[in-house]
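So the structure is just underneath, and the comments pick up after that.
Every read-out reported here was derived from the displayed coordinates using simple, explicitly stated rules and does not represent laboratory data. All of these numbers come straight from a predicted model, not from anything done at the bench. Note: ideal-geometry Cβ built from the backbone for every residue, glycine included; neighbour counts use all protein chains shown.
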Amino acid sequence: MKIQVNRTVLELVEGDITEMETDAIVNAANEYLIHGGGVAGAIACRGGPTIQQESDEWVRRHGPVPTGSAAITSGGRLKARYVIHAVGPVYDRGAPEQSAQLLASAVRAALRMADEHHLKSVALPAISTGIFGYPLEDAAQVMIKAATEYLSGETGLERVVFCLYGRPAYEAFAAALEPWMPVTGASWRSFRDTSQ
Ligand code: APR
C-alpha cells in the first residue's frame, strides 16, 4: 500500500526491517542507545558490533538521546548504510496526548536526520509499540500523520517505508493510511490532490 506525498512515496510493507535496502533504517531505541531486545536487538545482532560501538560513542559525545529525538550510526553489516536511532516514549496511559506528541516528534526527528544526511530512502518500524507499550492502532495514526505532515514540507526524501512486523501491525497502519488514499478514480494521485 502506498501514497504519494508531494514528491515522496510513502509506503507500507510487512516484514523484517533488518532486510530493508533503503539508505537508512530507523531503530526503536532507548535514550542510552543500549540495543537489547525487540527491533533494536535484531538490528544490533544483524548489523554486527559496530552499531553498538558507534552508539556508545554517540552517547559519550552527546549524552543520552532525549525521548522524541534521534541519533545516527553506520549500518555495519546491514544492507542499509545508516541506522537512525529514534527514541519513542514509554506509553503513558494517564497522559496519552503527551505520548502522542513525543511519538510524532520521534518520527519527525528520524526523517529530519535522514534529510540532514541527504538520504533518499528510509524505513521505519512501529516505534514504541513493543516493549514501550504504545497501543498499535493509536501509534499508527500518530506516525502516519507525523510522516505525511513532514513530507508535505521541504524534503529530499524520495521513499519512506513503514516496515511492519506481522499482519496486525500492517493492518493497523493500513487503516491509518486509508483516509489519505485517493477517494475515486486513479489509484495514484498526490496527497495535495486528494486533500482538495
Ligand atoms: N522488523 C520490524 N519491526 C520489528 C522487528 C523487526 N525485525 N522486530 C520487532 N519489531 C516491531 C515490534 O513488533 C513492535 O511493533 O517493532 C515495534 C517496536 O517494538 P520494540 O522493538 O519493542 O520497540 P519499543 O516499543 O520502541 O521499545 C524500545 O525496546 O528493544 C528495546 O532498546 C530498545 O529499550 C528500547 C525499547
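With the helix formula -39500 (n - 2.57) applied to DSSP H stretches of n ≥ 4, the chain reaches a computed 222 nm mean residue ellipticity of -12000 deg cm²/dmol.
Applied to the stretch 18-24, the Karplus parametrisation 6.51 cos²θ - 1.76 cosθ + 1.60 on θ = phi - 60° returns per-residue 3J(HN,Hα) values of 5, 8, 5, 9, 6, 4, 9 Hz, with x for Gly and Pro.
With 10 Å bins beginning at zero, the pair-distance distribution over Cα atoms of the stretch 59-117 amounts to 23, 44, 26, 7, 0 %. In terms of overall dimensions, the C-alpha atoms belonging to the chain reach 52, 38, 30 Å along their principal axes, ordered largest to smallest.
Amide H to amide H distances under 5 Å link Ala123 with Ala24, Ile25, Val26, Val161, where only residues 5 or more positions off or on other chains count and H is placed in the peptide plane. By the rule of a C-alpha distance below 21 Å, with chain neighbours fewer than 8 residues away ignored, the lysines paired with Lys145 are Lys2, Lys120.
The chymotrypsin sites (Phe, Trp or Tyr not before Pro) of the stretch 1-100 that DSSP puts in a loop, and whose beta carbon has at most 14 other beta carbons within 10 Å, are Tyr32.
Rounded to whole numbers, the Karplus 3J(HN,Hα) couplings from phi for the stretch 45-61 are 5, 6, x, x, x, 3, 5, 5, 4, 5, 5, 4, 5, 4, 5, 4, 6 Hz, using 6.51 cos²θ - 1.76 cosθ + 1.60 with θ = phi - 60°, and x at Gly and Pro.
In this structure, the amide hydrogen of Asp92, modeled 1.01 Å from its nitrogen in the peptide plane, lies closer than 5 angstrom to those of Ser99, counting only residues at least 5 positions away or on a different chain.
Charge dipole of the chain (Cα centre as origin; +1 on each Lys and Arg Cβ, -1 on each Asp and Glu Cβ, all else neutral): 280 debye, rounded to the nearest 20.
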